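The values are calculated or read from the model by the stated rules, or taken from the named source; none is laboratory data. If you're wondering where the values come from, they're calculated on a predicted model, not measured in any experiment. Here the Cβ positions follow ideal geometry from the backbone for every residue, glycine too, while neighbour counts run over all protein chains shown.
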Amino acid sequence: MSSNVNARAALAAASLLVAAPVLAQAPQADAPPAAAQPTITRPPQLVQPVEAQYPPEALKEGLTASVRLIITIAEDGAVSDVQPTEAVGHGFDEAAIAAVRQFRFSPAEVDGVPAPVQVEYVYHFTLEAPPPAEGTAAAEAEAPKATLTGTLISRGSRSRVPGATVRCGDEADAAEALSDADGRFTLEVPPGECAVRVIASGFQLYQTKETLKANETTEVNFYLAPAGSPFETVVRSARPKKEVVRRTVTREEAQKTPGTFGDPIRVLQALPGVARAPFISGDLLVRGSNPGQTATLMDGVRIPNLFHLLGGPSVVNAEFIDSLDFYPGGYGSQYGRAVGGVVDVTTRKGAADTVHGSVKVDLLDAGFFLEAPVTDGISVAASARRSYIDTLLPAVLPKNEGETLSIVPVYWDYQLRVDFGAKRGTTPEPGTARNTGYIMAFGSDDKLKLVTGGEETDRDISLDTRTRFHRVKGDWTYRKGDFTSVFTPYVGLDYFDISFGQYIEHDVISSLGAREVMTLDVSSLLTLRTGLDVYFEHVKVDVQAPAPGGTEYVPFPGNDPVSELIHEEPVINGFDGALFAEADFKFGAFTVTPGLRGNFQRVNGTRNWLLDPRLWLRYTMSERTAIKGSLGLYSQPADTYQFIFSPYGNPLLDYQRAFQTSLGVEQRLGETWNVDVTGFFNRRFENVVSPGDLRPTSNGSFVQDRFVNMGIGKAYGVELMVKKERASATDKWSGWLSYTLSHAEDGRAGAKPRGDNPLGQDGPPGSDEETYGLSPWDQTHILTLVANYILGNGWEVGGRFRLTTGRPTTPLTHPHDIYDSDTNNYQPTYGPFRSARTSSFHQLDVRVEKGWRFDNWTLALYMDVQNIYNAENVEFIFNDYRYRNDVKIPGIPILPVLGVKGSF
Amino acid sequence: MDIRLELGGLLLVALGAVACVDPDDKASNVHDLRVLGMAVERPELMAPTCEFTAEALEVFTEQVTFRALLVDPAGEGRSLDYALWACADPEDTICEDASQRLLLAEGTTTAGELALPIRPGATVLPDGSLLLDKVRQADPYQGYGGLRMPLVLNVRAGGEAIFAMKRMVFSCPAVPGMEANQQPVLQGLTVEGAAWDDGALPTLTGKGTFVVRANDVSALEESYVVPGLRKEAVSLKEAWTITWHATLGEFTPEETGSADFNGQPGRHRTEWEPPEKGAVAQEVTFWAVVRDGRGGSSWLIRKARWTP
């Protein structure tokens, strides 16, 4: 019976590996932040195929089939799991799975390290042709031949399709060819009609007919239709991790999560441990931390401005990212400068096959993305975006006689990346050195000009602001044997300009930094990592302003006078450096990773240093289950500009600190479901708050520092993440459920400072004397449900539903009116500090997309609707002027955004 | 500085949302018992020396006149009980601490201007200490910018009660050029471009809005000097504010003038808008309360006849 079987392996090439995060693994060499995207440096090779048994009933009926499978290949090349992507029936699935379970592969390597991977595999069952008649072979040798040659191209994206099988007919002995890395194939067949069949992983079966003439070569291009989502194939690979929680968001998830306007940073708000930010703000409020305490890095380099003006889109163009890694806490020693979480955005490497690109237009802005190979081993990717709301606003702004009103908001950003060193289709010989790298530039520019006034108004206002930054960074990755080194130098230039009446400020920040991360696999039991992370900043401030009360003089409570102008040009030089080291010790199923990060900061004459010891533990119970825990200290330097002289800053600031610990379990269910539960406890201390205490000076005057290390806080809770990934390109739906149960407190140590410094009044509002209590961002329950479904025929629909506890507020008691006649303001009388809450928040966002695929390009039209049932959620509570009643400030009402995107 | 921009953006969004929410109760619409302004005549008692001498004490203990603008449009002339306290702590907005307060006056009055002769600088607490000295002790700046003694007026009628606070200013010439503050006085108003004199009753017809302006006061806004926290002295110039009130309708803006963050003073121009519906022709009382930002204050009262 087995002789009837013809089982052919259409093993996908490395570039088509469709690999979900694979099983629970012991901690290994952590991918350095500057080269976070995993690269398959050695694809698995099938070294021991096993023939499947042809199902008897199918054989009787003369049936054939192709069974598409997802194979999980363990680190040692053994097949650890096999799952069909869609059942074909008639016993073919069972027969194919039974055979493939006995396959043996050569171990695959990811970033030079043996790693478990998943491959898509097609097992063909075909019926053997009757034995040829005598003399046929000789006749065949003399028979004329025709040649069919060409290129396999992904329909729409025009990517070349390697590793695909091209056959003439479905017979067992039909000639076939495998496409190379450029999607090229050549097939020699008898002349006549050829029933072409192209079988490629991740693509629909392609069939056509070609009439081939004897002794002639027919050149063709076959456009293969991707099997799943019409435009993108999610390419993922497992990366070993030691952190208790690292959540990775792919580009597709970043662009298609409803309610985020395709903004990659805002997608992170749908993950466990992140509290909901008000309105459509993109603030990351991670595990009880405050805004600004979570670091956002772009390939390891901190992004100075995360969002465009007025809470607009993030400066990270979604088209340019490859993925986002989000660490809500307990991150590795190579990360620092944050007491909250860390987000590391991995940018996209330019395509190596041909030119690709996209153009996207929506309500606020338009942008493009372009990627192309330059020569073998060098590729380039570029994107840019500009808003055009400045051209639309004049049409809707009111025009009144005697009044001038002009609002001109403009933003744009750019990203450029040139990769070199990685040649296509080449795998370095074992033991040889491998150098790869890239140079990247990115930046952003935001301008806002507002002019209003005239005799028919009560005030002339002229505001002109501009915020710019530019970064250029390099990346050099060196691998040899068990040693990996990643060196990332970068330079930056930031500008901040504002002109508001007589207030004029021009700031320039020049920065220079570098990271070096070295990893050495000493043995299977020990891996070492060490490196440095240095950063220097030269801050030049030039400010002219009316002398503010509270800092220049003791003000009388009431309306401000016209002050004399002061002019200051302080210069601050700030250095922050760190040395770090970690070691993974493996004891059977246990891995222990102690780490240490030593920090040193010098700003002008102030020196701060401290050590952050950290520890991670992991117990791998099985291939699918792992228990992990961590604890450690984390620190964040105060911003360099905060060291400016008192009372505008505080030159004696120290590191902000946090203790973070977490314990969790992750469980993989089947091939597409992942569940993890994590408990955490954080305590923040010596955080920078404002203002400091008022203190007398030696000359009999008084000074109040604007900042002081007196902030404290703590948070604890449990996070649950249930994620469904697409099993294959044909799987229809994906999504996740995220739930966080948490309690967060925030405030400052000591008594509420007295004084009249208007620059420092951003302490806890709504209290008389209390300075510590529930965090203003505390939300006991945070539930997010995200789902995407491919309807077919180019239609895709997704939804995001959020249900969260309302934020804390301090209730009013109002026993009587209290009127301050000097300021013409009433004074509130509050109840217990943050003892009430706004009502719960609930909102459903929906995204619908329709795509059209043409041979050489695709077109997508999408609508992202925020708050589709127009829930009236309360974002803030203000009060009437006498503080008698609450005035509830509603959130964003129903808000549809239409966009169009063309890709080629 | 990125967090500053992010929070600024968030604040702008919140303020935009506030603009979309229109509370029913507006400060410029006076419909119940209110204290619209308080003043002390003279607004600042400046001793000739910064030493604690008998000469300085003589100035600080002078009698002054306390004035309060009490309005009660729905009270139909009812009696208002009042009590005026002086206390030490500027954060004790209702003079709650019995050990550091003294009753200056109490009685009954009716809506209108309440005028009381007082000598708060001379008040002595039951423990024998001078209240003014307690004021200095309670001041976080220890009197560096002058002493501000809280005067709290408690007004009660029926179930309504108001605590209204005003700081009385005591100072000395700590740096050259310092002079005592003068009371700000408005030089008249216009409505729809026409002079609006005291006792006149112009007729305003229709839905409006009606533009109300204060006559130019820029020449009256004093330049003055105060002790500096970083340097010896800081030069300032008053930028008066006027708060606008009416017994019907509302003003937009409700307060004009002052110098904003950008250091630019605004114009004293506002618009009065009668209610869109439900109101009948009536005589409307208007108040314009001026403050100089350093303790001085006064007010004008005008009337007009409005018909829908």
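Of the numbered criteria (1) away from every other protein chain (no Cβ under 14 Å); (2) over 28 Å from A:M298 (Cα atoms), the one A:A441 fails is (2). Considering A:T467, A:T488, the condition of being crowded, with 19+ Cβ neighbours inside 10 Å and more than 30 Å from A:I378 (Cβ to Cβ) is satisfied by A:T467 alone.
Among the residues of the stretch A:530-569, those identified as more than 8 Å from chain B (Cβ to nearest Cβ) and either touching a Lys or Arg at 6+ places or on another chain (Cβ under 8 Å) or under 30 Å from A:L615 (Cβ atoms) (or both) are A:T530, A:G531, A:L532, A:D533, A:V534, A:Y535, A:E569. Which numbered condition trips up A:V592, out of (1) part of a strand (DSSP E or B); (2) within 30 Å of A:G692 (Cα to Cα)? Result: A:V592 fails condition (2) only. Per this entry, A:E505 is counted among residues that are surrounded by 16 or more Cβ atoms within 10 Å (Cβ to Cβ), over 32 Å from the mean Cα position of the chain (by Cα), part of a strand (DSSP E or B) and in the same structural domain as A:F702 (by TED's automatic domain parsing). The residues of the stretch B:47-79 that are within 14 Å of another protein chain (Cβ to nearest Cβ), in contact with a Leu (Cβ under 7 Å, 6 or more places away or on another chain) and among the hydrophobic types (A, V, I, L, M, F, W, C), listed by number, are B:F66, B:A68, B:L69, B:L70, B:V71.
Identify, by number, the condition in (1) under 20 Å from the mean Cα position of the chain (by Cα); (2) of a type outside the set (V, I, T); (3) in a loop (DSSP other than H, G, I, E, B) that B:A279 doesn't meet. It is condition (1) that B:A279 fails. Of the residues making up the stretch A:620-641, those that are surrounded by fewer than 22 Cβ atoms within 10 Å (Cβ to Cβ) and either in contact with a strand residue (DSSP E or B) (Cβ under 7 Å, 6 or more places away or on another chain) or of a type in the set (A, V, I, L, M, F, W, C) (or both) number 10. Among the residues making up the stretch B:184-201, those that are within 19 Å of the chain's Cα centre (by Cα), more than 14 Å from every other protein chain (Cβ to nearest Cβ) and part of a loop (DSSP other than H, G, I, E, B) are B:V185, B:L186, B:Q187, B:G188.
Test B:A246 against the stated conditions and say whether it is modelled with pLDDT of 95 or more, more than 9 Å from every other protein chain (Cβ to nearest Cβ) and surrounded by 19 or more Cβ atoms within 10 Å (Cβ to Cβ).
Numbers: modelled with pLDDT of 95 or more: yes; more than 9 Å from every other protein chain (Cβ to nearest Cβ): yes; surrounded by 19 or more Cβ atoms within 10 Å (Cβ to Cβ): yes.
Criteria met by B:A246.
Taken over the stretch A:450-500, the criterion of being more than 13 Å from chain B (Cβ to nearest Cβ), farther than 18 Å from A:G513 by Cβ and of a type outside the set (S, T, Y) is satisfied by A:R479, A:K480, A:G481, A:D482, A:F483. Within the stretch A:823-831, identify whether any single residue is within 14 Å of chain B (Cβ to nearest Cβ), modelled with pLDDT of 90 or more and part of a strand (DSSP E or B), and answer yes or no. Yes: the stretch A:823-831 contains one or more residues that are within 14 Å of chain B (Cβ to nearest Cβ), modelled with pLDDT of 90 or more and part of a strand (DSSP E or B). In the stretch A:722-755, the qualifying residues are those that are within 16 Å of A:V689 (Cα to Cα) and surrounded by fewer than 20 Cβ atoms within 10 Å (Cβ to Cβ), and the one that is modelled with the highest pLDDT is A:E745. Looking only at residues in the stretch B:126-183 that are basic (K, R) and away from chain A (no Cβ under 12 Å), the one that is farthest from A:P557 (Cα to Cα) is B:K134. Residue pairs whose Cβ atoms lie under 6 Å apart, sitting 6 or more positions apart in sequence or on different chains, and linking a residue in the stretch A:836-864 that is within 30 Å of A:H781 (Cα to Cα) to a partner that is basic (K, R) and not in a strand (DSSP E or B), are A:T838/A:R807. The residues in the stretch A:156-180 that are at pLDDT 80 or above and either of a type in the set (A, V, I, L, M) or part of a loop (DSSP other than H, G, I, E, B) (or both) can be counted, and the count is 11.
It is to be established whether one or more residues within the stretch B:261-271 are assigned by TED's automatic domain parsing to the domain that holds B:T205, polar (S, T, N, Q), closer than 30 Å to B:V226 by Cα and not in a strand (DSSP E or B). Let's see the steps before the verdict.
The first filter runs over the stretch B:261-271 and keeps only residues assigned by TED's automatic domain parsing to the domain that holds B:T205, leaving B:261-271.
Retained after the next criterion (residues that are polar (S, T, N, Q)): B:262, B:264, B:270.
Next, from what is left, pick out any that are closer than 30 Å to B:V226 by Cα: B:262, B:264.
With not in a strand (DSSP E or B) added as a condition, the list becomes B:262, B:264.
Checked the stretch B:261-271: at least one residue is assigned by TED's automatic domain parsing to the domain that holds B:T205, polar (S, T, N, Q), closer than 30 Å to B:V226 by Cα and not in a strand (DSSP E or B).
Looking at A:D533, A:D576, A:D560, just one residue is of a type outside the set (A, V, I, L, M, F, W, C) and modelled with pLDDT under 95, and that residue is A:D560.
For every residue, the table says whether it meets (1) touching a residue at least 24 places away in the same chain (Cβ under 8 Å); (2) under 28 Å from A:L416 (Cβ atoms); (3) surrounded by 18 or more Cβ atoms within 10 Å (Cβ to Cβ).
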| site | (1), (2), (3) |
| --- | --- |
| A:T432 | yes, no, no |
| A:G437 | yes, yes, yes |
| A:M440 | yes, yes, yes |
| A:G443 | yes, yes, yes |
| A:L448 | yes, yes, yes |
| A:V451 | yes, no, no |
| A:D458 | no, no, no |
| A:S462 | yes, no, no |
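Of everything in the stretch B:232-243 that is part of a strand (DSSP E or B) and within 18 Å of B:L300 (Cα to Cα), the residue that is farthest from the other protein chains (Cβ to nearest Cβ) is B:I242.
What strands (runs of 3 or more DSSP E) lie completely within the stretch A:620-717 and have 2 or more residues being more than 30 Å from A:D576 (Cα to Cα) and at pLDDT below 95? Walk me through how you get there before you give the answer.
Working: elements: A:625-636, A:656-669, A:673-689, A:694-696, A:702-704.
Qualifying strands (runs of 3 or more DSSP E): A:625-636, A:656-669, A:673-689.
Right, A:V220: β-branched (V, I, T), assigned by TED's automatic domain parsing to the domain that holds A:G150 and surrounded by 19 or more Cβ atoms within 10 Å (Cβ to Cβ) or not? Before the answer, list the steps.
Values: β-branched (V, I, T): yes; assigned by TED's automatic domain parsing to the domain that holds A:G150: yes; surrounded by 19 or more Cβ atoms within 10 Å (Cβ to Cβ): no.
No: the conditions fail for A:V220.
With the condition kept exactly as written, say whether any residue in the stretch A:829-841 is more than 43 Å from the chain's Cα centre (by Cα) and of a type outside the set (A, V, I, L, M, F, W, C). Yes - at least one qualifying residue is present in the stretch A:829-841.
Any chance the stretch B:202-213 includes a residue that's of a type in the set (S, T, N, Q) and either within 7 Å of chain A (Cβ to nearest Cβ) or part of a loop (DSSP other than H, G, I, E, B) (or both)?
From the stretch B:202-213, those of a type in the set (S, T, N, Q) are B:203, B:205, B:209; that's our starting set.
Still in the running and either within 7 Å of chain A (Cβ to nearest Cβ) or part of a loop (DSSP other than H, G, I, E, B) (or both): B:209.
Yes, that holds for at least one residue.
One residue stands out in the stretch B:249-286 among those that are among the aromatic types (F, W, Y) and crowded, with 18+ Cβ neighbours inside 10 Å: the one that is nearest to the other protein chains (Cβ to nearest Cβ), namely B:F251. Is it fair to say A:G806 is in a loop (DSSP other than H, G, I, E, B), more than 14 Å from chain B (Cβ to nearest Cβ) and either touching a helix residue (DSSP H, G or I) at 6+ places or on another chain (Cβ under 6 Å) or closer than 30 Å to A:W736 by Cα (or both)? Yes: the conditions hold for A:G806.
Give, as residue ranges, the strands (runs of 3 or more DSSP E) completely inside the stretch A:274-376 that count at least 1 residues that are over 25 Å from A:T465 (Cα atoms), away from chain B (no Cβ under 14 Å) and small (G, A, S).
On the way: elements: A:295-298, A:321-327, A:342-347, A:356-361, A:365-375.
In the stretch A:274-376, A:321-327, A:356-361, A:365-375 are the strands (runs of 3 or more DSSP E) which contain 1 or more residues that are over 25 Å from A:T465 (Cα atoms), away from chain B (no Cβ under 14 Å) and small (G, A, S).
For the stretch B:287-308, residues that are among the basic types (K, R), more than 12 Å from chain A (Cβ to nearest Cβ) and farther than 20 Å from B:K26 by Cα total 1.
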